[in-house]
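Written out below as structure tokens is the structure these notes cover.
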Amino acid sequence: MPYVNTLDLVREAEKHGYAVPAINIVDPLTITAIVAQADEIGSPVILQTSVKTVKSAGAEILYTAAREAADRARVGVALHLDHCPDRSVITLCIEKGWSSVLFDASDRDLETARRETAEVVEEAHAAGVTVESEIENILGVEDGVGSDSATHAYTVEQLIEVARETGTDMLAPALGTAHGQYTSDPVLVPGRVKEIKDQFDIPVVLHGGTGLTDEQFHEFIDMGVSKINISTALKHAYMKSALSYLKECEASDKWEPVKLFAEIEAASKSVIREFAEIFRSAGQAGSR
Ligand code: 13P
């Protein structure tokens, strides 16, 4: 069964010491390209949609494209809703058949975040959907969601208490990374992953993957991270490949959309290839 639950993929990764690439796709073209390449290199993959992407492409189209691509693949493929503070979009994706959702309650105070996360977990689990939880701010604004300041920061004990009480399946703690491109060297706290995992058996997710070095990724994976999110790298690959081809079109005054799609497809494939190698997920095939 190639369309799988995100939690199964990350649990499998934990067992074998790698992390599953979770790539923020932006349209059906990137879905098809990422899954085809993941399949070719034998890497499980998590397709992530931001709220903005769900609103722009439409949930039905994204789900159908993900299912079709997954049905053609031999590797495990999951569809995940990234950072979503909006409960109505959470409900929409649960109903449409997403594998998992990230309920982003980092804009709520602790008590509200705790109560609403428990409600989302109940709603999602009733439909067989798993939940990633974020209650403290991971820095950086992505697709209109997030914050540039750490308003909510908690102790590891508080994070674990909320995750345990709410029945959360995966945890996204602040680990010193940020969304978007780094403008200065981040102060990373990979030790926090081990601190969490030593006390509570929950998969830990690393956000803000673009711009970290191979060594930094490996340290996080060795500490127990099993899902790593990549968005900015795909956006750059997508737009720069398009720009370079459009410049050629302009120079020759020949305009061919299908060739443009091929350029974007190739650029998207190179993103998953690169990160699956670094995350050691290539050749692991994922849960079937
Ligand atoms: P980047 O945009 O830094 O790759 O981060 C992606 C991410 O964490 C999505 O949730």
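No value in this document is a laboratory result; all are computed from the given coordinates. This structure is a prediction, so every number in the text was calculated from the model and none was measured. FYI the Cβ positions are ideal-geometry reconstructions off the backbone, even for glycines, and counts take in every protein chain you see.
Things to note:
- The packing ranking of peptides 269-276, 107-114, highest mean first, is 269-276, 107-114, where packing means the average number of other beta carbon atoms within 10 angstrom of each residue.
- Degrees between helix 87-96 axis and first principal axis of the chain (Cα, 0 to 90, nearest 10): 60
- For a straight C-alpha distance cut-off of 21 angstrom, the lysines reachable from Lys254 (same-chain residues fewer than eight places away being disregarded) are Lys240.
- Degrees separating the helix 156-166 axis from the principal Cα axis of the chain, which is the longest one: 90
- Global geometry of the stretch 96-153, whether rounded, prolate or oblate, following the gyration tensor of its Cα atoms and the 1.5 cut on a/c: oblate
- Per residue of the chain, the DSSP helices (runs of n ≥ 4 H) give a summed -39500 (n - 2.57) that works out to -16000 deg cm²/dmol at 222 nm.
- Global geometry of the stretch 1-108, whether rounded, prolate or oblate, following the gyration tensor of its Cα atoms and the 1.5 cut on a/c: oblate
- At an R0 of 35 angstrom, the distance between the Cβ atoms of Glu256 and Glu277 translates into a FRET efficiency of 0.65.
- Cross-link partners for Lys194 among the lysines, with Cα-Cα distance under 30 Å and sequence neighbours closer than 8 places in the same chain left out: Lys15, Lys227.
- Between Glu161 and Glu40, the distance separating the two model label sites (each 7 Å from Cα on the Cα→Cβ line) works out to 5.1 nm.
- Folded to 0 to 90 degrees: helix 59-72 orientation relative to the chain principal axis, Cα: 80
- Using the Cβ-Cβ distance between Arg87 and Met239 with R0 set to 35 Å, the FRET efficiency from 1/(1 + (r/R0)^6) comes to roughly 0.65.
- FRET efficiency estimate (nearest 0.05) - Cβ-Cβ, Arg115 to Asp198, R0 30 angstrom: 0.60
- Descending by average beta-carbon neighbour count within 10 Å, the peptides 181-194, 139-152 line up as 139-152, 181-194, the highest first.
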